[in-house]
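Colleague: Here's a structure for you.
The values are calculated or read from the model by the stated rules, or taken from the named source; none is laboratory data. Treat the numbers as computed from the prediction; the structure is a model and nothing was measured. Glycine gets a Cβ as well: all are built from the backbone with ideal geometry, and neighbour counts include every protein chain shown. To get the accessible areas, we keep the full protein, side chains included, count just its heavy atoms, and leave off ligands, DNA and RNA. Shrake-Rupley method; radii C 1.70, N 1.55, O 1.52, S 1.80 Å.
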Amino acid sequence: MNRKHLLTSLIAAGLLAPAIATADWTLYGRAHVSADVLDDGADYNEFNVSSNSSRLGFRGEREFREQLVGVFQIEQQIDFDTDGTDFATRDTFVGLKGSDWGMLRVGKFDTPFKRARGPANFFGDQVGDMRNLTRSAAQTGRFDERFRNSIHYQTPSFGGLTWNIQYSNETEGATTVDGADNKAYSTSLNLNMGDLTGALAYEKQEDGDVNPDAWRLAVGYRITPAFRMGAFYQNSETVNGDDADIYGLGGQFRLTPSMYLNGHAFKLDSDLDDADATMYALGLEYRLDNDLRFYGNIAMVDNDDASALTPWGAARTSGPGGAAGENATAFSIGMRYDF
């Protein structure tokens, strides 16, 4: 059943309000699953099946007058390999936009800081995702987040340059109590000039004690039509006040019109004793279509004695914790279908 027929059926069944029928809306989703062999370097070496940030949602917009367009989105995570899915767990918001003045929205969504990693992340939602290092709470703090109760403004593009600013008055609960500590501020300056993309981002989280913050810089450049590179740097603070630097390089080479070779390497340099780590990832991706991709990856994290990170912990339903001081390795075969 196509989207128009689905919309007609829902209206006929009385499941959608007439106002929705007049909006330009889209039903969309992603099915991203993989079969993996995960080895923590110690006692665990097992086969796993994982659903990787799979999702289902619908979004729409309606132009009420010139430079005043209403927008909305409701999106939830779908775990194809396990029971249970909560509603509206991912980016969900309502707002207004206009090409001359930008966009203003309210809801819960990825912070500008989180989105700023895009130009340098070649293994998003796969084993080897850079968040396995950048989002380890004890060593780097948790700055790749989707904050609740947020207000976000994005400027229009000025020659490829846009500015994003987001404020959350309460990142966890539904009500702001007196003297609440769970506030957060996130901002980014983004550049999109065709072959050159980049983002400079800053975020501060208030926890009533240390109030940790972080800086992030990501740059991507298409050197030739077949070769693209990315560079990344982050400095962040944990809730205990310890600093960490993460930096690395990645690249993508188009071997044929449908086949891509991806690779990157990232280093975590922590103030904590013996808590450094290095992650490597190499993968081959076949695109039958932009909406249907198959891949095979190998990724590894080389841990110092007090570090127990893995290359599989981020954005996946499957995977055990790591073993301190051991090298964690993952072999993955996956499929991503966008619809």
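Colleague: Any lysines with Cα under 27 Å of the residue 97 Cα? List them, leaving off those in the same chain fewer than 8 positions away.
Modeller: Excluding near neighbours in sequence, the set is 4, 108, 114, 183, 204.
Colleague: Percent of Cα-Cα pairs per 5 Å bin, from 0 to the last occupied bin, for the stretch 261-339, please list those.
Modeller: So the P(r) values, bin by bin, are 3, 15, 21, 21, 17, 10, 7, 4, 2, 0.
Colleague: Let me ask something additional. Within the stretch 38-124, list the chymotrypsin sites (Phe, Trp or Tyr not before Pro) lying in a DSSP loop whose Cβ has at most 14 other Cβ atoms in a 10 Å radius.
Modeller: When the chymotrypsin sites (Phe, Trp or Tyr not before Pro) of the stretch 38-124 are filtered for loop state and at most 14 Cβ neighbours within 10 Å, 80, 87, 101 remain.
Colleague: Averaged per residue, what accessible area in Å² does the chain show with a 1.4 Å probe, protein chains only?
Modeller: 49 Å²
Colleague: Continuing with the same structure: Rounded to the nearest 20 Debye, what is the dipole magnitude of the chain about its Cα centre when Lys and Arg each give +1 and Asp and Glu each give -1 at the C-beta?
Modeller: Magnitude of the dipole: close to 2100 debye.
Colleague: Here's a follow-up. What is the spread of the Cα atoms of the stretch 66-184 along each of their three principal axes, largest first, in whole Å?
Modeller: Here the Cα extents, ordered largest to smallest, are 45, 40, 31 Å.
Colleague: What is the dipole size for the stretch 46-154, taken about its Cα centre, with +1 at each Lys and Arg Cβ and -1 at each Asp and Glu Cβ, in debye to the nearest 20?
Modeller: Taking the Cα centre of the stretch 46-154 as origin, the dipole is about 460 debye.
Colleague: Moving on. Of the heavy-atom accessible surface of the stretch 104-257 (probe 1.4 angstrom), what whole percent is carbon and sulfur?
Modeller: 56 percent
Colleague: OK, next. May I ask you to evaluate 6.51 cos²θ - 1.76 cosθ + 1.60, the Karplus curve with θ = phi - 60°, for each residue of the stretch 124-132 and list the ³J(HN,Hα) values in order in whole Hz, giving x for glycine and proline?
Modeller: In residue order, the calculated couplings are x, 6, 10, 4, x, 3, 4, 5, 4 Hz.
Colleague: Kindly provide the GluC sites (Glu not before Pro) of the stretch 60-106 that DSSP labels as loop, not H, G, I, E or B, and whose Cβ sees at most 14 other Cβ atoms within 10 Å.
Modeller: Loop-located and lightly packed - 66.
Colleague: Springs between alpha-carbon atoms under 10 Å, Gaussian network over the chain: tell me which of 203, 285, 237 tops the mean-square fluctuations.
Modeller: Its mean-square fluctuation being the largest, the pick is 285.
Colleague: Short version: ³J(HN,Hα) in whole Hz for each residue of the stretch 255-268, in order, from phi by Karplus 6.51 cos²θ - 1.76 cosθ + 1.60 (θ = phi - 60°), x for Gly and Pro, what are they?
Modeller: Going residue by residue, I get 6, 9, x, 10, 10, 10, 10, 10, x, 7, 9, 9, 10, 9 Hz, with x marking Gly and Pro.
Colleague: Putting +1 on Lys and Arg Cβ atoms and -1 on Asp and Glu Cβ atoms, find which of 196, 321, 248 reaches farthest to the positive end of the dipole of the chain.
Modeller: Checking the options against the dipole of the chain, the answer is 196.
Colleague: Rounded to two decimals, what is the ratio between the C-alpha radius of gyration of the chain and 2.2 N^0.38 Å?
Modeller: For the chain, the normalised Cα radius of gyration is 1.04.
Colleague: Moving to a separate point now. Using only alpha carbon positions, build the gyration tensor of the stretch 198-321, then give the equivalent ellipsoid semi-axes as the square roots of 5 times its eigenvalues, largest first, whole angstrom.
Modeller: 31, 18, 14
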